[in-house]
Every structure is written in C-alpha cells, then in structure tokens.
Amino acid sequence: MALCIALASQKGGVGKTTVCLNLAVAWAERGKRTLVIDLDPQGAIGLSLARDDLAFSGLAEVLTGAQSLREAILPTKLPTLSLLPRGRLDPCDVTEYEKMMNEPGVFRDLLRSASSGFDIVLLDAPSGVGMITRAALASADYVLVPFQAEALTLRSVTQLLRVVDHVRSKENDSLLLLGILPTMVELDKQPALDVMGSVWSGLGGVLETMIPRADVFAQASHLGLPVAFLAGRPTPEARRFGLLANELDARIADYATGGEDEQPQRELL
C-alpha cells in the first residue's frame, strides 16, 4: 500500500506545488514508484509544467465518470513517476468539482484505487483549508506543510496546524505531521532570519532541510521543468530535494518504529 502525503498550506504562493513536483522527482529518481495527484482547481501541476489549461484530462473526468482512472493517470519520461492531472475543468464548475470531491467516500475510494502499484502518492492540495484540502487531509497518511520564510505566512501556519489537529481527532486518526518545510529562505536577510528564529524556537516538526529563494526556480518554471531536469551541472537546489527526500524517509521510518532506539553513553578516549 502506498504512503499518501498531502502537501497543504494556508497561504498561497509559498512554493507548495514546486516542492511537490521536485520532491516527487527526487523520490522517483531513487527508484520509488511515485504518483502526483493535482487536486488544485487551478491545475497547478499542469501550469508548472507549462502546459495549456486544457492539455490533460484527469481527476475531473474520473470524478464525472467520463474517463477511467487507469486512462487518466499520465506516465512521464521518468519511468517511476506518474501524474494524475486535475483534468479539463471549467473555472465556472469549480463549486461542483469541490462538491464531488467531498461526497462521502468518493475521494478516499479513488485514492485507494490510484495508490495501487505505487510506493508514494503526493497530493498537491490547493492553498487554504477549504473542502478539497480537508478531503486530502482526511484521506492521507501524512501532511507536509511548506511555508514561506516571511512573517505573514508564519502567522498562518498555526491556522493550518489547528485544522490538521481537528481532522486527526474527527476524521482521520492516523494522520501525522511529516514536517514543516521552510521555503524561499534568504538567511542573508534579517527579516527572514528573524522568522526562522521564531520558527526554530516556537514550532515543533520543522525540517532541517530548507528550500532557498533562487533564480533557478524561475528558470525551471519558465521552461516547465523540475529543477533536476535543467541542462548543465546539477544545481544545489536540485540536490536539496534529494536531501529533503532522505530526511522525510528517515521521519517516516521513525514513525514506523516509534522513534529512534536509545543508545548507551559512549567514551571517545
């Protein structure tokens, strides 16, 4: 059974979809069969890949019965990575799409079927804590929370964490916080450094890996590529997603074993 990880943020523009896509590539390149499901009504994954809004059928067609799940899952040129795009959704139909996503058992059953044959499923939820994000949290094993290292986003993180706690207590008692991921970090600037100081001292679950603000992300977005697919030498930013995948693997293993085993005191000399 695949591990299902929802990526959620209260505030938009924090790099959530960028993290989702590049993390999926990092896991897939390590041989893990990975599926990305685009839950965002805006079709954020397709837009990140520089595709037209109506380029792919996907989740919307599966929900309406116009296409089977097997037909809708899109293979990529990376054999271990597949996508389930949002599909061809008219912006005027978003309310109906949200209602379909929240019909009892519908998304949970779809996710169970989609997970077959994969090791990891990443859910790219829309920003905010609306119905689609709630459906993702109610069905996921873990939630990963990207947040931009700036004061406004920091203030909104606690709102999302309250929703995570509520979903865990009322809808999905197996939901676990996989980590809080700082993004767009600029430690050479005092405001960002102040925010990170508050995060490190005031929040639990903050990951050691940070995603910096860097021009390479704009370049990758312009070309519609993950950063690891850019020509030339591998960038430090691409390698960071490998580090992130390793750190998350370790956290998942810790959850599975109940935490690291204690070790006795040792002597150096």
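The values are calculated or read from the model by the stated rules, or taken from the named source; none is laboratory data. Keep in mind the model is a prediction, meaning the values are calculated, not measured. All Cβ positions, glycine included, derive from the backbone under ideal geometry; neighbour counts span all protein chains shown. Areas reflect the complete protein model, heavy atoms only, side chains present, ligands, DNA and RNA absent. Shrake-Rupley method; radii C 1.70, N 1.55, O 1.52, S 1.80 Å.
Observations
- Residue match in segment 174-181 (condition: more than 23 Å from Gly58 (Cβ to Cβ), modelled with pLDDT under 90 and in contact with a Ser or Thr (Cβ under 8 Å, 6 or more places away or on another chain)): no
- Helices (runs of 4 or more DSSP H) wholly inside segment 1-107 containing at least 3 residues that are in contact with a Phe, Trp or Tyr (Cβ under 6 Å, 6 or more places away or on another chain): 16-29
- The residues in segment 56-75 that are surrounded by fewer than 16 Cβ atoms within 10 Å (Cβ to Cβ) and either without any contact (Cβ under 8 Å) to a residue 12 or more places away in the chain or closer than 17 Å to Asp124 by Cα (or both) can be counted, and the count is 5.
- Taking the criterion of being touching a residue at least 40 places away in the same chain (Cβ under 8 Å) and open to solvent by 30 Å² or more (accessible area, probe 1.4 Å), the residues of segment 227-251 that qualify are Ala228, Phe229, Glu247, Arg251.
- For first residues located in segment 5-22 and at negative phi, partners that are among the aromatic types (Phe, Trp, Tyr) and open to solvent by 10 Å² or more (accessible area, probe 1.4 Å) and lie 6+ apart or on another chain with Cβ distances below 7 Å form the pairs Ile5/Tyr142; Thr18/Phe217.
- Conditions (1) open to solvent by less than 60 Å² (accessible area, probe 1.4 Å); (2) within 20 Å of Thr34 (Cβ to Cβ): number failed by Asp254: (2)
- Check on Val167, farther than 18 Å from Leu123 by Cα, touching a residue at least 24 places away in the same chain (Cβ under 8 Å) and open to solvent by less than 30 Å² (accessible area, probe 1.4 Å): no
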